[in-house]
Amino acid sequence: MRYLTIALAKGRLAQKSLAMFEQLGITCEEMKDKSSRKLIFTNEDLKMRFFLAKANDVPTYVEYGAADIGIVGKDTILEESRKLYEVADLKIGRCRMCVCGPENARERLNHHELIRVATKYPNIAKDYFYNKKHQTVEIIKLNGSIELAPIVGLSEVIVDIVETGSTLRENGLCVLEEICPLSARMVVNQVSMKREHERIADIIRGLQTLVREDTL
Ligand code: PRP
């Protein structure tokens, strides 16, 4: 039996998705050792391997088949547009992709003025403004702390993730428009889906059952 390799997005989702796998009996004790610098963890009994990667890289590993399965946010899937199958919504890490800014930017947004939009998600922002709203904007790519941009005058608005809304509130910003809801998804390499169909279908079914039980 060949190893089934699972790529998990580092950060908020990793612990939650590992906990879900654990409930299915797919455990990886090695991975819990926080002091370890190891990058890949193996469960020899199940012939499975796990690794943690930067969220943006998870779809890349999955498209090329270096990972058979990935657990990653819908935001990253949309931004990266990789060739892969999105097979399950794990309903964890739920949040929203939004256009945010100071209240006084609302009018400029509504009047389709040529505004600047700062974001970590230029493709999502482009698709939203150009294809859905038919609005020309200037998109500025940033790598973090996006809320700073309208405060220091880099842009009028931002496109970013809103979870609790506290980062916005604490910085005098608000949600101006909602782009889409987000949550963690399971993605699968297109060849692995055929070659390892039985093992992968079992995992999909298991995760879907957990998600259903959780919402009952
Ligand atoms: C994300 C996002 C917002 C914040 C939203 O940032 O970019 O800044 O979380 O969460 P909230 O609505 O609960 O306040 P993250 O912490 O991932 O770091 P980043 O600023 O480096 O992107």
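Among all residue pairs at least 6 apart or on different chains, which show Cβ distances below 9 Å where the first residue, located in the stretch 153-174, is free of Cβ contacts under 8 Å to residues at least 12 places away in the same chain and the second is within 13 Å of the ligand (Cβ to nearest atom) and not in a strand (DSSP E or B)?
E170/E147
Being out of contact with any strand residue (DSSP E or B) (no Cβ under 9 Å at 6 or more places or on another chain) and of a type in the set (G, A, S) is the filter; apply it to the stretch 162-176 and report the residue that is least open to solvent (accessible area, probe 1.4 Å).
So in the stretch 162-176, the residues out of contact with any strand residue (DSSP E or B) (no Cβ under 9 Å at 6 or more places or on another chain) come out as 166, 169-172.
Retained after the next criterion (residues that are of a type in the set (G, A, S)): 166, 172.
On the way: S166: 40, G172: 59 Å².
Within the stretch 162-176, the match that is least open to solvent (accessible area, probe 1.4 Å) is S166.
Among residues belonging to the stretch 125-161 that are β-branched (V, I, T) and crowded, with 21+ Cβ neighbours inside 10 Å, point out the one that is nearest to the ligand (Cβ to nearest atom).
Here is the first cut: in the stretch 125-161, the ones β-branched (V, I, T) are 136-137, 139-140, 146, 151-152, 157-159, 161.
Narrowing further to those that are crowded, with 21+ Cβ neighbours inside 10 Å: 137, 146, 157-159.
Numbers: V137: 19, I146: 6, V157: 14, I158: 9, V159: 10 Å.
My answer is I146.
When the stretch 123-164 is examined, which residues are found to be in a helix (DSSP H, G or I) and acidic (D, E)?
Here is the first cut: in the stretch 123-164, the ones in a helix (DSSP H, G or I) are 123-132, 148-152.
The one that is in a helix (DSSP H, G or I) and acidic (D, E): D127.
Tally time: how many residues in the stretch 9-57 are assigned to a helix (DSSP H, G or I), among the polar types (S, T, N, Q) and under 17 Å from I69 (Cα atoms)? Can you show your working first?
Just the residues of the stretch 9-57 that are assigned to a helix (DSSP H, G or I), to begin with: 12-23, 29-32, 55-57.
After this cut, where a residue has to be among the polar types (S, T, N, Q) as well, the list is 15, 17, 23, 56.
When the remaining residues are screened for being under 17 Å from I69 (Cα atoms), the result is 15, 17, 56.
Residues flagged as assigned to a helix (DSSP H, G or I), among the polar types (S, T, N, Q) and under 17 Å from I69 (Cα atoms) within the stretch 9-57 amount to 3.
Taking the stretch 87-122 only, how many residues are outside any strand (DSSP E or B), within 16 Å of the ligand (Cβ to nearest atom) and among the aliphatic types (A, V, I, L, M)? Give the derivation first.
Step one: of the stretch 87-122, the residues outside any strand (DSSP E or B) are 90-94, 102-115, 120-122.
From the residues that got through so far, the ones that are within 16 Å of the ligand (Cβ to nearest atom) too are 92-94, 102, 120-122.
Add one more test, that the residue is among the aliphatic types (A, V, I, L, M), and what stays is 92.
Final tally of qualifying residues: 1.
Please indicate, with yes or no, whether at least one residue in the stretch 177-184 is open to solvent by 10 Å² or more (accessible area, probe 1.4 Å) and near the ligand (Cβ under 10 Å from one of its atoms).
There is no residue in the stretch 177-184 that is open to solvent by 10 Å² or more (accessible area, probe 1.4 Å) and near the ligand (Cβ under 10 Å from one of its atoms).
So T5 fits all but one of (1) of a type in the set (S, T, N, Q); (2) assigned to a strand (DSSP E or B); (3) modelled with pLDDT of 95 or more; (4) over 20 Å from L207 (Cβ atoms); what number is the exception?
The single condition T5 does not satisfy is (4).
Condition check: closer than 28 Å to A67 by Cα, more than 8 Å from the ligand (Cβ to nearest atom), open to solvent by less than 30 Å² (accessible area, probe 1.4 Å) and β-branched (V, I, T). Does V188 satisfy that?
On the way: closer than 28 Å to A67 by Cα: yes; more than 8 Å from the ligand (Cβ to nearest atom): yes; open to solvent by less than 30 Å² (accessible area, probe 1.4 Å): yes; β-branched (V, I, T): yes.
Yes.
Does L207 satisfy the criteria of being crowded, with 19+ Cβ neighbours inside 10 Å and more than 16 Å from the ligand (Cβ to nearest atom)? Talk me through it step by step, then tell me what you get.
Details: crowded, with 19+ Cβ neighbours inside 10 Å: yes; more than 16 Å from the ligand (Cβ to nearest atom): yes.
The answer is yes for L207.
The values are calculated or read from the model by the stated rules, or taken from the named source; none is laboratory data. The structure displayed is predicted, hence computed values, not measured ones. Ideal geometry is used to build each Cβ from the backbone, glycine not excepted, and the neighbour counts take in all protein chains shown. Accessible surface is based on the protein model in full, side chains and every heavy atom, while ligands, DNA and RNA are left aside. Shrake-Rupley method; radii C 1.70, N 1.55, O 1.52, S 1.80 Å.
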